[in-house]
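Right, one structure below, let's go through it.
Every read-out reported here was derived from the displayed coordinates using simple, explicitly stated rules and does not represent laboratory data. The structure presented is a predicted model; accordingly, all values stated were derived computationally and were not measured. Cβ sites come from the backbone with ideal geometry, for glycine too, and all protein chains shown count toward neighbours.
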Amino acid sequence: MGRATKCFFTMKTHPALFPRYALVLILGLFCIQLTEYFLSGFSHFRILNFIENCLFFGMILSISSFFKTSFFQTFTKKILYTVFVFVLLVEGFYFLTFGAPFSSSAVFIAFDTSPTEVQEFFSYNYSHELVVYFLIVMTIMIYAWSFFKNIPRMVGIKSTFFAVSFLIIVLLTSMRQQNFPFIFGKGALDYIQTYMLLDSDSSNKKGNFSNLVYEPTDEELLYVVIVGESTSRAHFGLYDYERATTPRLASISNELIKYDEVISGHTYTIGSLIRALSFDTSPKKGNNIIQLLNASNYTTFWLSNQTPVGFYETLVTKIAKTSNNLFFSNAINNSASYPYDEILFSAFDQVLKNKASKKVIFVHLMGTHGNYKLRYPPEFQQFYDKNANSKETIINHYDNAVVYTDYMIYEIIQRVKKQNIKSFVLYFSDHGEEVFDTLDFAGHSPSQLISKNMLEIPFLLWQSEEYQQEKSLQIDTNRKYVLNDLSHSIANLCGVNALGVHPSKSIFSSQFQETPRIVLDTFNFDRRFY
């Protein structure tokens, strides 16, 4: 081992130190791996991640040898070593929390997350296991640093050879799917490109539609689209859930059309709503549903109980800004706790008084977004703990949040009904949620660890008598549908058409054609789960 080492290294001190360090590093990473398995169970992709981490660290070691002066070499070592430890902590945290490898989707979520959501996320996902994991990782890596800081510098061309070799192995093979810097960089680049495209649209209120057709009328029209959050069909009382989580909607069930086979296109808000509100499942100039409605002489409103800004202005906010009127109930102080959704009622009532004759109101709720116990007032707590079991507690909080969402939908319908004009209320959730139904997990994962409950959502339509008399919708509640095509359905409901709007993609149209339900961009939902 000493001879082989001398072939590639100029040994200034302690000739046997590098092989010893290599052993310490590999054993340290292996111990971290065993800790993950002990805390969360075995997963094959963590083996690949272990190999990738060893190769990635070899590249870091090579790069730190580029500098000839001891000062810059030591400085570079400290920076790169700190980055490496940070990567280990992030990847381990993500695996222990979601049971999946870190993905580009996680970058989108991170950039679109407000300080309040960060606080709620960590308080909700805090566990003693994570603390133990962090302590073990830090202890091992602090101990390993005492070896690493004294490793002698490689001879110039040798360091370049090793760095390039490791770079090729890690980034030009399937190993790149385990490499945090690559995944983060790709996700950040995709986010920036999407952000810039949507940003250019936010000032283009009417888009760039051609062959626009809509019904010219002087009568009052009131159309409402309620966008829910993280609400699973499996916990929605109307869909035969064992608990009565939707008592108010159940009392008017004869007035509702309940679709049984609607799913979201993704398991997190940004991925789902960008597709749902756009006509081409990707943000292209002049192609979202709000712009189409503006171009058709509707006055559009966006009322939201979600914060408008995250790391940047959120991508959903970019779409919302194409509406004629914006209201964010939590825009003043996004570090405060989210108010309950009922705060939107005063803004909603003001919009009802607006003199515009043709109104479309989008209402974006916090719904059943985690941390569930913060989503409903105390008077809506219907389900209590019996055995003080932590999972039961979480399920109870979630179901109580559904009860509150039921109240919100019901109240909006009642307010619209009192107007006695041509109107409809459409409700759907941006995505579903897993709450210990099929996985030992509560939440939604943007990665490979998904369940059907993260995608199956409630989808309801209420119509006024005036609307039913004039509109002839083709109702088939068993149609298999994915929210990626939702903009076509809303256009159909509002009596609007244009080039690029396809009746075959509207769940309410007689021309509707079922297509494979592709979710997360690549998965066929029905093949995977049924």
About the Cα centre, and with charges only on the beta carbon of Lys, Arg (+1) and Asp, Glu (-1), how big is the dipole of region 381-468? Nearest 20 debye, please. 340 debye
Sorted largest first, the C-alpha extents of region 222-529 along its principal axes in whole angstrom are 56, 44, 44
Which percentage, to the nearest 5, of the DSSP beta bridges contained in region 222-529 is antiparallel? 40 percent
Taking the dipole of region 222-529 about the Cα centre (Lys, Arg +1; Asp, Glu -1; charges at Cβ), the one of Asn354, Ser230, Ser510 that reaches farthest to the positive side is Asn354
Neighbouring Cβ atoms within 10 Å as the yardstick, rank Lys353, Lys358 fewest first. Lys353, Lys358
Filter on Lys452/Lys505; Lys205/Lys471; Lys205/Lys417; Lys422/Lys505; Lys391/Lys418 - keep pairs with C-alpha separation over 32 Å: Lys391/Lys418
Amide H neighbours of Gly265 under 5 Å, counting only residues 5+ apart in sequence or on other chains, H built in-plane at 1.01 Å? Leu483, Asn484
Taking Cα atoms only, Rg over Rh for region 460-515 with Rh from the Kirkwood formula is 0.94
With only alpha-carbon atoms counted, please give the Rg and Dmax of region 392-530, in Å. 17.4, 50
